[in-house]
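Read the structure below first, then the notes.
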2 protein chains.
Amino acid sequence: MHTQIPGFSLEEYQQRLARVRAAMLTQDIQTLIVHDPANIAWLTGYDGWSFYTPQVAVVTMAGEPLWFGRQMDANGARRTVWLQEENIHWYPDYYVMNPPMNAMEYLANQLLKPRDWAYGRIGLEMDSCYFPPSSWLALCDNLPDAELVDASALVNWCRAVKSDTELRYMRIAARIVERMHAAALEMIEPGLPKHLLVAEIYRVAMEGHDGHFGDYPSMVPMLPSGPDASAPHLTWDERPFCRDQGTFFELAGCHRRYHCILSRTIYLGRPTDNFLRAEEALNAGLEAGLAAAQPGNRCADVANALNAALARHGFDREGARCGYPIGLGYPPDWGEQSMSLRNTDNTLLKPGMTFHFMPGLWLEDWGMETTESIVITENGAEPLCNYPRRLFVKH
Amino acid sequence: MHTQIPGFSLEEYQQRLARVRAAMLTQDIQTLIVHDPANIAWLTGYDGWSFYTPQVAVVTMAGEPLWFGRQMDANGARRTVWLQEENIHWYPDYYVMNPPMNAMEYLANQLLKPRDWAYGRIGLEMDSCYFPPSSWLALCDNLPDAELVDASALVNWCRAVKSDTELRYMRIAARIVERMHAAALEMIEPGLPKHLLVAEIYRVAMEGHDGHFGDYPSMVPMLPSGPDASAPHLTWDERPFCRDQGTFFELAGCHRRYHCILSRTIYLGRPTDNFLRAEEALNAGLEAGLAAAQPGNRCADVANALNAALARHGFDREGARCGYPIGLGYPPDWGEQSMSLRNTDNTLLKPGMTFHFMPGLWLEDWGMETTESIVITENGAEPLCNYPRRLFVKH
């Protein structure tokens, strides 16, 4: 039934399942219910914009996972997952946005109980978007013989070290985001309404690279200018770019749901001292952080190296984290929600881990971003993009 | 501090607040905590892609709402909300993805308790994406003197009848989605890799209409072909369009977060009998449903009129709902998650309500969509788009 081009070998999916089962054993979890769309995709291959209604993957210690979603999405599962037909299950449409009915009640009674999966320790992603309290209460009410335990980010942590195929997709995403930045730099000028530049960024993002399609990134382009750049997450409207303002572009290329993110700042006119100081500080900070991003070092070492360099240049990010793991993602987040590059995270770096190292500076009435997406290799951090690391100036 | 162009008058925000307070009174709720990004935006004006970390609006019976989010997003709030600075509050960055810390603990202890808002009945959106069980438990643990009650969709229901300004934005979105469909029809041909058409659809979507910017729709283009069109929510890859296949395009134009959605199907070659039968059935069903979409009729009347017409043509949608309210939205959903066009929903239709009336047909190995976004007027249903309602054929 698989009409889409499979993204990964069956062997790779089995290796992922083995990793998840090892983590389940460590936490003494017999049944894992996965709501996070990125985790569902990573385990089953499922890909579709259907996560606005409940859908899960169920993993136990043997056999294939189950895919469970809305009736009309079962055909989408048949076309994208590697599972046998017998492991694709759906709930009727009257469970959709029709309180007090809840699809998790159907899951518990129609799927888990008949399989003897309704007791023991059942792991749930208690910290996940797409798992609202109403669904949790429905599971509690309908699984009275189970111990429901928090398995937040259990699968996310299993995704940290990337396979060769995953890295291949991320390198395609890197080529895409390089082209998006080049297009922005070429087109930007004072007076240009911002949404027309966004139109071109999207066109290039979807055009992809070398015949490989561009997929939708998990976040939209963020490109605030002037005082709006004091905030990291503003999007766009029809106001024009202005002379004597900086704009940072936080953009991601995406291929088969795998992301590569890159931020650069463009100043129209002669940069103020603030921007020149920030350029120097960010470049020193990025170099220091990249040098610390060695296997065996900790996430905290990268953050500390960055922060020390920024402090020498008079900048203080007030404890904001400076990066997060990236890879497979669905909206609203292209981060993997496991570790963080911050001074309290002692996770050891391993070859194959991938991060967006992002020391954005968001000050009172201006801001600047220069970032790198990296893969940890035996020999240290390798930036995925090949794009000049500097403040761009257009007169 | 408002650097963005305000989308609505202060008076309109005050009217919205009054509507929400009336609903709170009915449910005996003293304090309402709002997690849904669309509801936060509707109440406060806040707009940014920051909903991947916790953020809320808090509404009580007097004064302005509070905006509460991540430290780095407070500047984004200052630039988009209508609230006074004293009502913008933030939690430190170490609360972000750093379990067991939870921003809701900070909200309860640092904001609600000092204001005497930590007792009585507190309403929560128990059914909302962006409110995970971990956040609910943090509120339960830290608000021992309050009665936490379900206020799911309380604000969503208040959004149902649109103001003139909201309808103006939706009509701009309608012009945008008409242009997106025209671009798809012009460009599609056998052999064209699908992602190149997506690139053009996005370009047109962002280009907007008549100087009004295109905003990002809450869902991405869905345009499955051939047997993939048996599933409603598949996206795209680099496979080409093929002769003798149908593709449906479910697309939305968006302006200032307000949506207008339209689906049409394009067949490359000579349509099979299935498609011709579906065209006839869907047009009859849409006409019957539109005729029933009168003020004073119920949501169920629209669904029943559609289903009866489809049945006469031999089609059965197996109880799937055939529409939902639309307007302001954030990913993952452009629906408003209050009522549904389905045979069990007895909500009365009122002038100013807006729906995506969407009787998609997803069969075993093919599918077709023809839909309309409508506003209920005193005189019946008015389609927001002016686009031919038929199966398009390209030889």
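Using a simple charge model, +1 on the beta-carbon of Lys and Arg, -1 on the beta-carbon of Asp and Glu, nothing else, what dipole does the protein assembly as shown show about its Cα centre, in debye to the nearest 20?
On the way: 66 positive and 96 negative charges, 193 e Å.
Approximately 920 debye in magnitude.
Just the projected area, averaged over all directions, of the convex hull on the alpha carbon atoms of the protein assembly as shown: how many nm²? Please list the in-between numbers first.
Numbers: hull surface 121.1 nm².
Computing the convex hull of the Cα atoms and averaging its projections yields 30.3 nm².
Quick check on packing: order A:16-24, B:234-242, A:317-325 by the mean number of other C-beta atoms within 10 Å, highest mean leading.
Numbers: A:16-24: 17.3, B:234-242: 19.3, A:317-325: 21.3.
Packing order, densest peptide first, comes out as A:317-325, B:234-242, A:16-24.
Remind me, relative contact order of the stretch A:150-229 in percent, using alpha carbon pairs under 8 angstrom and six or more residues apart? Don't jump to the answer; show the numbers that get you there.
Details: 38 pairs, mean separation 20.2, N = 80.
Relative contact order for the stretch A:150-229 comes out at 25 percent.
In angstroms, what radius of gyration and Dmax does chain B have, counting Cα atoms only?
22.4, 70
If each residue of separation counts as 0.36 nm, what is the full-extension length gain between B:GLU85 and B:CYS242 once their alpha-carbon separation is subtracted? All intermediate terms of the calculation are to be shown ahead of the outcome.
Numbers: separation 157, 0.36 × 157 = 56.52 nm, distance 5.64 nm.
Using 0.36 nm per residue and subtracting the Cα-Cα distance, I get 50.9 nm.
Using a 10 Å cut-off around each Cβ of peptide A:68-80, what is the average number of partner chain Cβ atoms that fall inside? Before the final figure, lay out the partial values.
Working: counts 0, 1, 3, 4, 11, 5, 3, 14, 9, 1, 4, 6, 3.
Average per residue, whole number: 5.
Could you quote the convex hull projected area for the stretch B:10-159, Cα atoms only and averaged over all directions, in nm²?
Numbers: hull surface 31.2 nm².
Over every viewing direction, the Cα hull of the stretch B:10-159 projects on average to 7.8 nm².
Picking from B:TRP90, B:GLY120, B:PHE131, whose Cα lies most toward the positive end of the charge dipole for the stretch B:10-159 (charges on Cβ: Lys, Arg +1; Asp, Glu -1)?
Comparing the listed Cα positions along the dipole, B:TRP90 ranks first.
Shielding of A:216-222 by partners, i.e. mean partner chain Cβ atoms within 10 Å per residue?
If you average over the peptide's residues, the count of other-chain Cβ atoms is 4.
Given Cα pairs under 8 Å that are at least 6 residues apart, what percent is the relative contact order of chain A? List each step's numbers first, then the result.
On the way: 854 pairs, mean separation 55.1, N = 395.
Normalised by residue count, the contact order of chain A is 14 percent.
Between the alpha-carbon centers of the stretch B:91-109 and the stretch B:305-344, tell me the distance in whole angstrom.
39
Considering only B:ASP164, B:ASP150, B:ASP116, give the residue with the highest GNM mean-square fluctuation for chain B, with springs between Cα atoms whenever their separation is below 10 Å.
Sorting by GNM fluctuation, first place goes to B:ASP116.
Collect residues whose amide H, placed 1.01 Å from N in the peptide plane, falls under 5 Å from the amide H of A:GLY123; neighbours closer than 5 in sequence don't count.
Answer set, sorted by chain and number: A:GLN30, A:THR31, A:LEU32, A:ILE33, A:VAL149.
Ordered by residue, what ³J(HN,Hα) values in Hz, to whole numbers, does the stretch A:162-172 give under the Karplus form 6.51 cos²θ - 1.76 cosθ + 1.60, where θ = phi - 60° and Gly and Pro are x?
Going residue by residue, I get 8, 7, 4, 5, 4, 5, 4, 5, 5, 6, 5 Hz, with x marking Gly and Pro.
Binned at 10 Å from 0, what are the whole-percent values of the Cα-Cα distance distribution for the stretch A:311-395, short to long?
Spelled out bin by bin, the stretch A:311-395 gives 14, 42, 35, 8, 0 percent.
Only four residue types carry charge here, +1 at the Cβ of Lys and Arg and -1 at the Cβ of Asp and Glu. Report the dipole size of the stretch A:232-387 about the Cα centre in Debye, rounded to the nearest 20.
Working: 13 positive and 20 negative charges, 60 e Å.
In debye, rounded to 20, the stretch A:232-387 gives about 280.
Step through the residues of the stretch B:254-263 one at a time and calculate ³J(HN,Hα) from phi using the Karplus curve (6.51 cos²θ - 1.76 cosθ + 1.60, θ = phi - 60°), rounding each to whole Hz and writing x for Gly and Pro.
Working through the residues one at a time gives 9, 9, 6, 6, 9, 10, 9, 10, 8, 10 Hz.
For Cα pairs less than 8 Å apart in space and 6+ apart in sequence, what is the mean separation divided by the residue count of the stretch B:10-159, i.e. the relative contact order in percent? Don't jump to the answer; show the numbers that get you there.
Details: 237 pairs, mean separation 38.2, N = 150.
RCO, the stretch B:10-159: 25 percent.
Taking every residue in A:145-158, how many Cβ atoms of other protein chains lie within 10 Å of its Cβ, on average? Could the numbers behind the result be given before it?
Details: counts 0, 0, 0, 1, 0, 5, 0, 6, 2, 0, 0, 1, 0, 0.
Counting other chains' Cβ atoms within 10 Å and averaging over A:145-158 gives 1.
Note down the nm distance, to one decimal, between modelled labels 7 Å out along Cα→Cβ at A:ASP210 and at B:THR347.
Calculated label separation equals 5.0 nm.
Where nothing but the Cβ of Lys and Arg (+1) and of Asp and Glu (-1) is charged, how large is the charge dipole of the stretch A:10-159 around its Cα centre, in debye to the nearest 20? Don't skip to the end; give the middle numbers.
Working: 10 positive and 18 negative charges, 44 e Å.
Magnitude of the dipole: close to 220 debye.
Could you work out the pair-distance distribution P(r) of the stretch A:164-393 from its alpha-carbon pairs, with 5 angstrom bin width and percents rounded to whole numbers?
1, 7, 15, 19, 20, 17, 12, 6, 2, 0
Choose one of B:ALA62, B:LEU391, A:ALA231: the residue whose Cα lies farthest towards the positive end of the charge dipole of the protein assembly as shown (beta-carbon charges +1 Lys, Arg; -1 Asp, Glu; about the Cα centre).
B:LEU391
With θ set to phi - 60°, apply the Karplus curve 6.51 cos²θ - 1.76 cosθ + 1.60 along the stretch A:133-139 and write out the HN-Hα couplings as whole Hz, x wherever there is a Gly or Pro.
Listing the rounded values in order: x, 4, 6, 5, 5, 5, 5 Hz.
How much mean residue ellipticity at 222 nm does chain A get from its helices, if each DSSP H run of length 4 or more adds -39500 (n - 2.57) and you divide by all residues, to the nearest 500 deg cm²/dmol? Before the final figure, lay out the partial values.
Values: 10 runs with 123 residues, N = 395.
Calculated mean residue ellipticity at 222 nm is -9500 deg cm²/dmol.
Just name one of B:ALA309, B:ALA153, B:MET219: the one whose Cα is farthest towards the positive end of the charge dipole of chain B (beta-carbon charges, Lys/Arg +1, Asp/Glu -1).
B:ALA309
For chain A, with all protein chains present and a 1.4 Å probe, just round the carbon and sulfur fraction of the accessible area to a whole percent.
Carbon plus sulfur share of accessible area: 49 percent.
May I ask for log10 I(q)/I(0) of the stretch A:82-141 at q = 0.13, 0.26 Å⁻¹, from a Debye sum over the Cα atoms as equal point scatterers with solvent left out?
Normalising to I(0) and taking log10 leaves -0.39, -1.27.
The values are calculated or read from the model by the stated rules, or taken from the named source; none is laboratory data. These numbers come from a predicted model, not from an experiment. Here the Cβ is made from the backbone with ideal geometry for all residues, glycine too, and neighbour counts use every protein chain on show. Accessible surface areas use protein heavy atoms only, side chains included; no ligands, DNA or RNA. Shrake-Rupley method; radii C 1.70, N 1.55, O 1.52, S 1.80 Å.
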